[in-house]
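Structure, as structure tokens:
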Amino acid sequence: MLMLDKPVCLTDRLGDLHGSLVIPGKNARGDAILIWSGTGPTDRDGNGPSLHNNSIKMLAHALGEEGFYVLRTDKRGIAESKSALEDEAQITFEAFVEDCCGWAQYLKNEVNPNKIYLIGHSEGALVATLAAQQMKFDALVLLAGIGMKPAELLRRQLGGDQINLTADDLKKIFEIILSLENGKKIENIEQDLMEQFRPSVQPYLISWFKYDPALELSKIEIPTLVIHGTQDLQVSGENAERLAAAKTDAELFWIPNMNHVLKHASKDPRQNYGTYNKPLLPLADGLLPKISQFLKKE
């Protein structure tokens, strides 16, 4: 039997959520993995409106070749799961955690695995961490995960040398972030800031900003692997160090020259971010072997 990539659907009270289940071939282990995608409107393959790299799809297929059942999904309101969200203002971070748990239960029901593992990428690392507090998983893998409070991460990203914002623009953005951090919405957003801080997305940001990923990870008791690339320009290595320090028995593993979308890249920002739209570029060397080795021993 050859490996299959099968479309699957999970129906809840708000509509249908969609994903893909990789069914391994003759080397099937009987163990299953749920992968939760990263920041923003990313679909099951790790792609979005301005990026097309297929990183999550490639990882799922590679793990399928290793004998795992692997489920990856479109987030609620995104791609095929778009109809499951009528109003963007209704989505919160906790809703994604609930969806993650729902898909994990689906995987348990449909596959009935011996063991079930959870992988979270970028912002999805926190979703996975919170889901692991609510459901039993056998191990947790955090890829390019955020390790500091999201509001602080945004401040650092936007204030970095690679972002050409004026002091006045930064002041306006930081004031918005502080307000949301304090749980207060801002109705009057300037047009050039609407994409990032439109009123309909503010409830989600408020719900996300209240979490400290490192603190939440410290509450997890299952084996945990923290993986970070040395060329991640989007989420600094300090985040990985914070996560590993919060859970002293977690394993921290660095992938040389891997960037945020799990591809081989240089320090040059133009080349690095250029990989975000190279779907045929393979995953960084060392990523698959490490994940596979870690999960097979747990």
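Pairs from the table (K26/K115; K108/K263; K149/K219; K57/K278; K75/K267) lying more than 20 angstrom apart at Cα are K108/K263; K75/K267.
What the phi angles of the stretch 287-296 give under the Karplus curve with 6.51, -1.76 and 1.60, with θ = phi - 60°, is a coupling list of 5, 4, x, 5, 4, 4, 4, 5, 6, 5 Hz, glycine and proline written as x. Computed from backbone phi with θ = phi - 60° and the Karplus coefficients 6.51, -1.76 and 1.60, the 3J(HN,Hα) list for the stretch 48-60 is x, x, 10, 9, 8, 10, 6, 4, 6, 4, 5, 5, 4 Hz; x is used for glycine and proline. The charge dipole of the chain, taken about the Cα centre with unit charges on the Cβ atoms of Lys, Arg (+1) and Asp, Glu (-1), comes to about 620 debye, rounded to the nearest 20.
Ranking A250, V97, G67 by Cα position along the charge dipole of the chain, where only Lys, Arg, Asp and Glu carry charges on their C-beta atoms, puts G67 farthest toward the positive end.
Taking amide H positions as modeled 1.01 Å from N, with prolines and chain starts lacking one, the residues under 5 Å from L252 and 5 or more places away or on another chain are V226. Scan around L71 for amide H atoms under 5 Å from its own, H built in the peptide plane at 1.01 Å from N, and keep only partners 5 or more places away or cross-chain. Residues meeting the amide H criterion: V22, I33, L34, I35. When T224, T129, T11 are arranged by Cβ crowding within 10 Å, least crowded first, meaning fewest neighbours, the order is T11, T224, T129. I want the local charge near K149. Using Cβ-Cβ distances under 12 Å, sum +1 for each Lys or Arg and -1 for each Asp or Glu among the other residues. Taking every other residue near K149 into account, the sum is 0. Note on the chain: Rg/Rh from C-alpha atoms, Kirkwood Rh, equals 0.95. With contributions of -39500 (n - 2.57) from each DSSP H run of at least four residues, the per-residue ellipticity at 222 nm computed over the chain stands at -11000 deg cm²/dmol. Listed from fewest to most Cβ neighbours within 10 Å, the set M194, M258 follows the order M194, M258. Residues in the stretch 230-245 carry Karplus couplings, in order, of 6, 10, 7, 8, 8, 10, 5, x, 4, 5, 5, 5, 5, 4, 5, 5 Hz; the curve used is 6.51 cos²θ - 1.76 cosθ + 1.60 with θ = phi - 60°, and Gly or Pro positions show x. For the options A167, A60, A79, a Gaussian network treatment of the chain with springs between C-alpha atoms closer than 10 Å singles out A167 as fluctuating the most.
Using the number of other C-beta atoms within 10 angstrom as an exposure proxy, rank R242, R44 with the fewest first.
Placing the least packed residue first, the sequence is R242, R44.
Across the options V235, F294, S55, the greatest Cα extent toward the positive end of the charge dipole of the chain (unit charges at beta carbon of Lys, Arg, Asp, Glu) belongs to F294.
Each reported figure results from applying straightforward, stated rules to the coordinates on display, with no laboratory input. Just so we're clear, the structure is a prediction, and the values are computed from it rather than from any experiment. Glycine also receives a Cβ, built like all others from the backbone with ideal geometry; neighbour counts cover every protein chain displayed.
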